[in-house]
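The values are calculated or read from the model by the stated rules, or taken from the named source; none is laboratory data. Please read these numbers as outputs of a predicted model, since none were measured by experiment. When we count neighbours, we look across all protein chains shown, and the Cβ atoms used for this are built from the backbone with ideal geometry, even at glycine.
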Amino acid sequence: MDIKAVKFRRDGFYTQPFVFGGEEGMDKFDKNVRYRGSLQNYLIDTGDEVILVDTGLPAGTPEEVPDENGVLYTGKDICSYMEAFAALGYKPEQVTKILLTHKHGDHSGELRSFPNAKIYVGADEIGVEELKGIDNLVPVDYTDGPYYNFPESQKIADGIWFIRAKGHTHGNSLVVAEDGGLFYMFEADVTYVDEALYENKLSVVYDDLPAARQTLDRVREFVRSHPTVYMGTHTPQGYENLEARRVMDLDNPVPTVYAEVDFSAARASGKYVCGICGYVYDPAEHDGVAFDALPEDWKCPRCKQGKDKFNRA
C-alpha cells in the first residue's frame, strides 16, 4: 500500500480561538496564536486500486488574502487540486473509489472529475447541495459493525475502513488504512491542527457539538491504543506525519511550529471566500451588495458559518 498527499495550498493559518474554542468559547483563547495551515487530501494506491480520500477545492476557487484580524486563512495556491493529483503520476480514469469524509467544498470540490470512481459517502450526507447532480454516489450505512472502539464502520477494501465520525457535519466520516503494523487515520476535520488533538479541544465548526465531542474522545482513545499516523487536511502536520511515518503520542506532543504570515498583500476583487466550505460570495451575483454591507448575523448559505469565517479574495 502506498499513501500519498495531494497538496494544493500552503502557508495558511488557524488561530487558537478557532481550533480550540468549540466548547469553552473563542474568547478563552489567544487570537494572536496562529497554527500552521495548508490544504491537502490523500491518495491510497493498494496495487489493485487507486482510492482517493476527498477531492480538494473546485478549480477556479479564488485564492484568499490573509487578514490580521481573521480567524483562519487556508493559504496560498500551490496549484489546483487536479494539477496536484496529476503530479503524483495518475490519471482520473484510474481512480476506482473516492471516500468522501464530508460535504465541504475543500473535500468534495472535484468529485465530478473522476468518471470511473464510485463515491462512498455517509448516508446522512446524501442530498446536500454539494452532491446534487452526481450519479455515482454510494451511500454508506456502516453495516460491518464496530471497528475497535468505533461502533459503526464499513470495510471498503482489504485494510481500509470507512468509519462514522459525526459531529463536524451530520454525516462526517473518517478513514483508517492498515499497513505495515501502522494505522493511518485520515481524520476529516475532527481537528484542524494536531495541537487540538493533544490538548483535547474542539474547533468552532460543528453541526452537532455532543457528537463532535464523542468522536474526538473515540479518536483519542484509538490513538492511545494503536500506533496511529494521524493525517489532517488543514495542517502541514498531516503530510509531515505521513512522510515521517510518525506515530501520534498524546503524552509527548511534537513541538509546535507557529505560522509566519505576510499580511501586506492587498487586492480588491470584492469577492469573499468561506474558509470552511469554499463558498464564494461575489457581489455581482447578489445585486451588487458588498460583503461588508451584509448584516452581521448573515450566514454562509452553504455551511451556515458566520461572516468571520470569510476572507477577501
Here are GLY122, GLY180: which of them is in contact with a Gly (Cβ under 7 Å, 6 or more places away or on another chain) and not aliphatic (A, V, I, L, M)?
-> GLY122
Quick one: in the range 262-277, of everything that is in a loop (DSSP other than H, G, I, E, B) and modelled with pLDDT of 90 or more, which residue is surrounded by the most Cβ atoms within 10 Å (Cβ to Cβ)?
-> GLY275
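Which one of VAL205, VAL193, VAL175 is aliphatic (A, V, I, L, M), buried (at least 24 other Cβ atoms within 10 Å of the Cβ), assigned by TED's automatic domain parsing to the domain that holds ASP48 and in contact with a Lys or Arg (Cβ under 9 Å, 6 or more places away or on another chain)? Talk me through it step by step, then tell me what you get.
Values: VAL205 fails: buried (at least 24 other Cβ atoms within 10 Å of the Cβ); VAL175 fails: in contact with a Lys or Arg (Cβ under 9 Å, 6 or more places away or on another chain).
Answer to the selection: VAL193.
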Which condition does GLU129 not pass, out of (1) under 23 Å from GLY278 (Cα atoms); (2) of a type outside the set (A, V, I, L, M); (3) in contact with a Ser or Thr (Cβ under 7 Å, 6 or more places away or on another chain), if it passes all the others?
-> (3)
Inspect all residues belonging to the range 47-68 and state whether any of them is surrounded by fewer than 18 Cβ atoms within 10 Å (Cβ to Cβ), under 20 Å from VAL190 (Cβ atoms), touching a Lys or Arg at 6+ places or on another chain (Cβ under 9 Å) and not hydrophobic (A, V, I, L, M, F, W, C).
-> no
From the option list ASP158, ASP135, ASP141, single residue qualifying as farther than 17 Å from GLU49 by Cβ and modelled with pLDDT of 95 or more is ASP141
Flag for THR233 being outside any loop (DSSP other than H, G, I, E, B), assigned by TED's automatic domain parsing to the domain that holds GLY60 and closer than 26 Å to GLU129 by Cα | no
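Regarding the range 266-274, can at least one residue be identified that is in contact with an Asp or Glu (Cβ under 7 Å, 6 or more places away or on another chain) and either under 27 Å from ARG164 (Cβ atoms) or not small (Gly, Ala, Ser) (or both)? Give the derivation first.
First, the residues of the range 266-274 that are in contact with an Asp or Glu (Cβ under 7 Å, 6 or more places away or on another chain): 271, 273.
Narrowing the set further to residues that are either under 27 Å from ARG164 (Cβ atoms) or not small (Gly, Ala, Ser) (or both) leaves 271, 273.
Looking through the range 266-274, at least one residue is in contact with an Asp or Glu (Cβ under 7 Å, 6 or more places away or on another chain) and either under 27 Å from ARG164 (Cβ atoms) or not small (Gly, Ala, Ser) (or both).
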For strands (runs of 3 or more DSSP E) lying entirely in the range 17-121, having 2 or more residues that are within 19 Å of LEU242 (Cβ to Cβ) and of a type outside the set (A, V, I, L, M, F, W, C) picks out 34-45
Would you please list the contacts, defined by Cβ atoms under 6 Å and residues six or more apart or on different chains, that run from a residue in the range 250-263 that is under 28 Å from VAL65 (Cα atoms) and outside the structural domain of THR235 (by TED's automatic domain parsing) to a residue that is modelled with pLDDT under 95 and part of a loop (DSSP other than H, G, I, E, B)?
-> VAL261/PRO66; PHE263/PRO66; PHE263/GLU68
